[in-house]
Amino acid sequence: MTDADHTHDAASITGPPTADVDDPQVPTRHHDGQLCTNRAGIAHLAGWKPGNSVNVRASKDPDFPHPHGPKIGRELWYPFAGDHGVDAYLAILAERTAAQKAPPVKDGNPDDLLAGPEAADALHITEATLRSYIRRSVPHWTGETPGRPILPQPDVEEPRNDSTFGPYTHRAWYRSTLTAHHPGRPGRGRGDASGRPTTTHTP
């Protein structure tokens, strides 16, 4: 996307489009006061491979998010919030795979403290999907949303700062915690990712 694309329809944009503060691979911009992402961002959050697959889903999946207004340059932008927003769509994708049985947590020392790629590997998911699971689980951990979270409450949760990504929340789980929570976790498949990432980087 060119700078010209970014400045099109400037009256409805608050500030320049930027990489999402939670995940640098998810482009975002404020459009009429709403935080939005594009199809590339939706694909990343859903765990789909880059390419035309997101365009095919946009044309064939009736639940695909609704864009917030016309194209800005060559891009359509989709709000995260709302009944037809990105978060709602990712939740639908998660529901579609919820009946699939998740593979067991990988064997290892129950006292292993796992974060980022290690936690994702133990759960047989990508790190992007782990961040998406965190996004969906946070409201349950805080008591804002009732029901069972996709992930258990972290055993370690603390603010940290990274020289590249800046401030972020470090979260880690003991392998035993993940194993105990395992039976209710969604399985692999389309729609594995079920929300926007909450953390940028877990060293």
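Only residues that are touching a Phe, Trp or Tyr at 6+ places or on another chain (Cβ under 9 Å) and surrounded by 15 or more Cβ atoms within 10 Å (Cβ to Cβ): list them for region 70-79, please.
Tyr78
Output the number of residues of region 59-105 satisfying the condition of being free of Cβ contacts under 8 Å to residues at least 40 places away in the same chain, aliphatic (A, V, I, L, M) and either in contact with a helix residue (DSSP H, G or I) (Cβ under 6 Å, 6 or more places away or on another chain) or not in a loop (DSSP other than H, G, I, E, B) (or both).
Here the count works out to 1.
Check whether at least one residue in region 173-192 is part of a strand (DSSP E or B), surrounded by 12 or more Cβ atoms within 10 Å (Cβ to Cβ) and modelled with pLDDT of 55 or more, and report yes or no.
So far as region 173-192 goes, yes, one or more of its residues are part of a strand (DSSP E or B), surrounded by 12 or more Cβ atoms within 10 Å (Cβ to Cβ) and modelled with pLDDT of 55 or more.
Could you please give the count of residues in region 35-58 that are outside any helix (DSSP H, G or I) and within 19 Å of Thr126 (Cβ to Cβ)?
Here the count works out to 6.
Testing Asp111 on (1) closer than 21 Å to Thr179 by Cα; (2) acidic (Asp, Glu); (3) assigned to a helix (DSSP H, G or I), one condition comes back false. Which one is that?
All conditions pass for Asp111, except number (3).
Among what's in region 62-98 and is under 27 Å from Pro149 (Cβ atoms) and of a type in the set (Asp, Glu), pick the residue that is modelled with the lowest pLDDT.
Ranking the qualifying residues of region 62-98, first place goes to Glu95.
So how many residues does region 103-153 have that are farther than 16 Å from Tyr174 by Cβ, over 13 Å from the mean Cα position of the chain (by Cα) and of a type in the set (Asp, Glu)?
Matching residues across region 103-153 total 1.
Would you mind stating whether Gly108 is touching a helix residue (DSSP H, G or I) at 6+ places or on another chain (Cβ under 6 Å) and in the same structural domain as Arg175 (by TED's automatic domain parsing)?
Yes, satisfied.
Considering Ser12, Ser59, which residue is of a type in the set (Gly, Ala, Ser), more than 23 Å from Arg131 (Cβ to Cβ) and modelled with pLDDT under 50?
Just one listed residue meets the conditions, Ser12.
So Pro139 ticks every box in (1) surrounded by fewer than 16 Cβ atoms within 10 Å (Cβ to Cβ); (2) within 26 Å of Asp32 (Cα to Cα); (3) outside the structural domain of Trp173 (by TED's automatic domain parsing) but one. Which box is left unticked?
It is condition (3) that Pro139 fails.
Please count how many residues of region 40-52 are farther than 16 Å from Ala91 by Cβ, small (Gly, Ala, Ser) and touching a helix residue (DSSP H, G or I) at 6+ places or on another chain (Cβ under 7 Å).
Residues in region 40-52 being farther than 16 Å from Ala91 by Cβ, small (Gly, Ala, Ser) and touching a helix residue (DSSP H, G or I) at 6+ places or on another chain (Cβ under 7 Å): 1 in total.
The values are calculated or read from the model by the stated rules, or taken from the named source; none is laboratory data. Keep in mind it's a predicted model, so treat the numbers as computed, not measured. Please note: Cβ atoms are built from the backbone with ideal geometry, for glycine as well, and neighbour counts cover all protein chains shown.
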